[in-house]
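Asks: First the structure, then my questions, so here it is.
The values are calculated or read from the model by the stated rules, or taken from the named source; none is laboratory data. Computed from a prediction, not measured in an experiment: that's the story for all the values here. Cβ placement follows ideal geometry from the backbone for every residue including glycine, while neighbour counts extend to all protein chains displayed. When the accessible area is computed, the model is the full protein with side chains, heavy atoms only, and any ligands, DNA or RNA have been set aside. Shrake-Rupley method; radii C 1.70, N 1.55, O 1.52, S 1.80 Å.
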Amino acid sequence: MKLGIDVGSVTAKVVIIDGADNIIESRYIRTKGQPVKTILAILEDLLARYSPDRFKLAAATGSGGKLIANLLGVPFVNEIIAQAAGTARFHPEVETILEIGGEDSKLIILGGESPDKPPKVTDFTMNGVCAAGTGSFLDQQASRMGIPVEQFGDVALESAHPPRVAGRCSVFAKTDMIHLQQIGTPVPDIVAGLCFAMVRNFKGNVVGGRDLHTPVSFQGGVAANKGIRRAVLEVMQLKESELIVPEHFAVLGALGAALVARERAQSKTGAKEGNLPQDTIHRLREYIARREYKFASLPPLTGDNYPINTEPFKMSAVSGIEAYVGVDIGSISTNVVVIDQNNNVLARRYLMTASRPIKAVRQGLYEVGQELGDRVIVKGAGSTGSGRYMTGEFFGADVIRNEITSHAKAATFMCPEVNTIFEIGGQDAKYISLQDGTII
């Protein structure tokens, strides 16, 4: 058997291939910033059932594959070559590969010297250092919106008219999405808009002016997203018969690495055979054990240097206390605070907005209402934040103020001598300069 390993920016893929180059088993697991530990866990599971002697060849590819290859003493294969070889194994008719992973996206052009020979890479291009238009940005937005990334594509398919979202930059895309959420755009429309923005970004930055010769293979982890598949068909102007999503779309790089390593060994070009070492598990464990981490951090802002305290005030059993409600609807979080007439905090909540500002405000108000019950009489309410207008109208705010004014008002109350405010939120960052309590 042969073993292929593909260590990407976000996921690790491992395949076991038999003598006829068929995939016996495969693994696709998120590394969560620990690629070597992830590969170790996968191989511990596989080698508990298969002896290392059975693997006559192993190879690695991917952005983190060279480290694994060096640790195990097996060949390393360039990921462009590996993706092409993996695709050709199951779909030799493919002429163009679109591959979108966690941090990288690629366009690979294939061409055969003759019909009876496997296709070779004739041209390729990749995205730059920015991860806009890749799987990691999809993950971030799915998490922010409270949607499991596995369901992201199905949600996108519910949209009939996706709105326009900026695709050149992930920051601008997120800004557009938050603007859409704060004006009440349905979540499926926002999700679909992001899918189309990502594919337009891929077309503009990676494909450029190149013609896509068909059939086209769409692979990489993002190929699992049905919303992206739909956008690829429309943006690239492809017919469904011209687009192939291979069965093993997520692990073709690992498959190709093993196939290329075998081909090189057979052609005797000086490439080493790359048998899987008997002490594979020991080598990986030893590497993990000898790593060192050294971090330096500053002391926490506590005590006399940081005298701000916002712990809720201990209410008496007396009912009928006059109260005032403040709601801050931000891009990432929604905050609800209830104070009494002496500005004591009676209750507070910090919730994720999750692209549903009305739902978040409703939940926050409900929770503080349950906590305080009939002991308070609300005399006024105010809203601030990027979603202040729509939600302020929703819950009947008496005052609606921008967040600059609101931050300054609260800061001068908590610390009258303050002259500088730095505020870093989910989408916005602010610097505010004050003089005698006035914004200058």
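Asks: Assuming Phe218 fulfils every condition listed in (1) under 27 Å from Gly330 (Cβ atoms); (2) modelled with pLDDT of 90 or more; (3) aromatic (Phe, Trp, Tyr) apart from one, which condition is it?
Replies: Checking Phe218 against (1) under 27 Å from Gly330 (Cβ atoms); (2) modelled with pLDDT of 90 or more; (3) aromatic (Phe, Trp, Tyr), the one that fails is (1).
Asks: Shifting gears a bit: Starting from region 29-44, keep only residues that are closer than 16 Å to Pro277 by Cα and touching a residue at least 24 places away in the same chain (Cβ under 8 Å), then list their pairs with residues that are of a type in the set (Lys, Arg) and surrounded by 13 or more Cβ atoms within 10 Å (Cβ to Cβ) whose Cβ atoms are within a distance under 8 Å, requiring at least 6 positions of separation or different chains.
Replies: Filtered contacts from region 29-44: Leu40/Arg285; Ile42/Arg27.
Results for (1) modelled with pLDDT under 90; (2) among the β-branched types (Val, Ile, Thr); (3) open to solvent by less than 100 Å² (accessible area, probe 1.4 Å); (4) touching a Lys or Arg at 6+ places or on another chain (Cβ under 7 Å), shown as yes or no for each residue.
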| position | (1), (2), (3), (4) |
| --- | --- |
| Asn275 | yes, no, yes, yes |
| Glu286 | no, no, yes, no |
| Phe295 | yes, no, no, no |
| Pro300 | yes, no, no, no |
| Tyr324 | no, no, yes, yes |
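Asks: Considering only region 10-26, state which residues are without any contact (Cβ under 8 Å) to a residue 60 or more places away in the chain and surrounded by 13 or more Cβ atoms within 10 Å (Cβ to Cβ).
Replies: Listed by number, the residues that qualify are Ala12, Ile16, Glu25.
Asks: Quick check on my filter: what residues within region 47-65 are under 28 Å from Val149 (Cβ atoms) and open to solvent by 20 Å² or more (accessible area, probe 1.4 Å)?
Replies: Within region 47-65, Ser63, Gly64 qualify.
Asks: Turning to a different aspect of this structure: Please specify each residue of region 27-46 satisfying the condition of being in contact with a helix residue (DSSP H, G or I) (Cβ under 8 Å, 6 or more places away or on another chain) and surrounded by 17 or more Cβ atoms within 10 Å (Cβ to Cβ).
Replies: If the condition is that a residue be in contact with a helix residue (DSSP H, G or I) (Cβ under 8 Å, 6 or more places away or on another chain) and surrounded by 17 or more Cβ atoms within 10 Å (Cβ to Cβ), then Arg27, Tyr28, Thr31, Pro35, Val36, Ile39, Leu40, Leu43 are the ones that fit.
Asks: Give region 339-364 a look and list any residue that's in a strand (DSSP E or B) and open to solvent by less than 50 Å² (accessible area, probe 1.4 Å), or say none.
Replies: Ile339, Asp340, Val345, Leu346, Ala347, Leu351
Asks: Tell me which residues, restricted to region 75-88, are touching a Leu at 6+ places or on another chain (Cβ under 7 Å) and of a type in the set (Val, Ile, Thr).
Replies: Answer for region 75-88, where residues must be touching a Leu at 6+ places or on another chain (Cβ under 7 Å) and of a type in the set (Val, Ile, Thr): just Thr87.
Asks: If you check Asn205 against the conditions, is it open to solvent by 40 Å² or more (accessible area, probe 1.4 Å) and more than 22 Å from Ala360 (Cα to Cα)?
Replies: yes
Asks: Please enumerate the residues belonging to region 208-245 that are part of a loop (DSSP other than H, G, I, E, B), within 23 Å of the chain's Cα centre (by Cα) and either surrounded by fewer than 23 Cβ atoms within 10 Å (Cβ to Cβ) or basic (Lys, Arg) (or both).
Replies: Val245
Asks: Here is a further query. Does His179 satisfy the condition of being more than 18 Å from Thr134 (Cβ to Cβ) and in a helix (DSSP H, G or I)?
Replies: Here the answer is yes, as His179 does meet what is asked.
Asks: I've got another one for you. Looking at region 82-105 only, could you name the residues that are over 25 Å from the mean Cα position of the chain (by Cα) and part of a loop (DSSP other than H, G, I, E, B)?
Replies: Selection gives His91, Pro92, Glu93, Val94, Glu95.
Asks: Somewhere in region 121-132, is a residue surrounded by 14 or more Cβ atoms within 10 Å (Cβ to Cβ), at pLDDT 80 or above and not in a strand (DSSP E or B)?
Replies: Within region 121-132 (the criterion being surrounded by 14 or more Cβ atoms within 10 Å (Cβ to Cβ), at pLDDT 80 or above and not in a strand (DSSP E or B)), the answer is yes, since at least one residue qualifies.
Asks: Now for a separate question. Which of (1) touching a Leu at 6+ places or on another chain (Cβ under 9 Å); (2) within 27 Å of Ser136 (Cα to Cα) does Ala58 not meet, given it meets every other one?
Replies: Failed condition: (2).
Asks: Does Gln370 qualify as being over 27 Å from Gly146 (Cβ atoms), free of Cβ contacts under 8 Å to residues at least 40 places away in the same chain and open to solvent by 30 Å² or more (accessible area, probe 1.4 Å)?
Replies: Criteria not met by Gln370.
Asks: Pairs needed: first member in region 275-286, under 19 Å from Pro35 (Cα atoms); second member anywhere, assigned to a loop (DSSP other than H, G, I, E, B); C-beta distance under 6 Å; at least 6 residues apart or different chains.
Replies: From residues that are under 19 Å from Pro35 (Cα atoms), the pairs are Leu276/Phe55.
Asks: Another question, if that's okay. For region 372-405, what are the residues that are farther than 17 Å from Tyr324 by Cβ and basic (Lys, Arg)?
Replies: none
Asks: Residues Arg401, Arg362: which one is among the basic types (Lys, Arg) and closer than 24 Å to Pro186 by Cβ?
Replies: Of Arg401, Arg362, the one residue that is among the basic types (Lys, Arg) and closer than 24 Å to Pro186 by Cβ is Arg362.
Asks: Next question. Give the number of residues within region 202-252 that are of a type outside the set (A, V, I, L, M, F, W, C), closer than 22 Å to Glu158 by Cα and in contact (Cβ under 8 Å) with a residue 60 or more places away in the chain.
Replies: Final tally of qualifying residues: 6.
Asks: Given (1) of a type in the set (Val, Ile, Thr); (2) assigned to a helix (DSSP H, G or I); (3) touching a helix residue (DSSP H, G or I) at 6+ places or on another chain (Cβ under 9 Å), where does Val336 come up short, assuming only one miss?
Replies: Of everything listed in (1) of a type in the set (Val, Ile, Thr); (2) assigned to a helix (DSSP H, G or I); (3) touching a helix residue (DSSP H, G or I) at 6+ places or on another chain (Cβ under 9 Å), Val336 misses just condition (2).
Asks: For Ala69, state whether it is of a type in the set (A, V, I, L, M, F, W, C) and in a helix (DSSP H, G or I).
Replies: Yes, satisfied.
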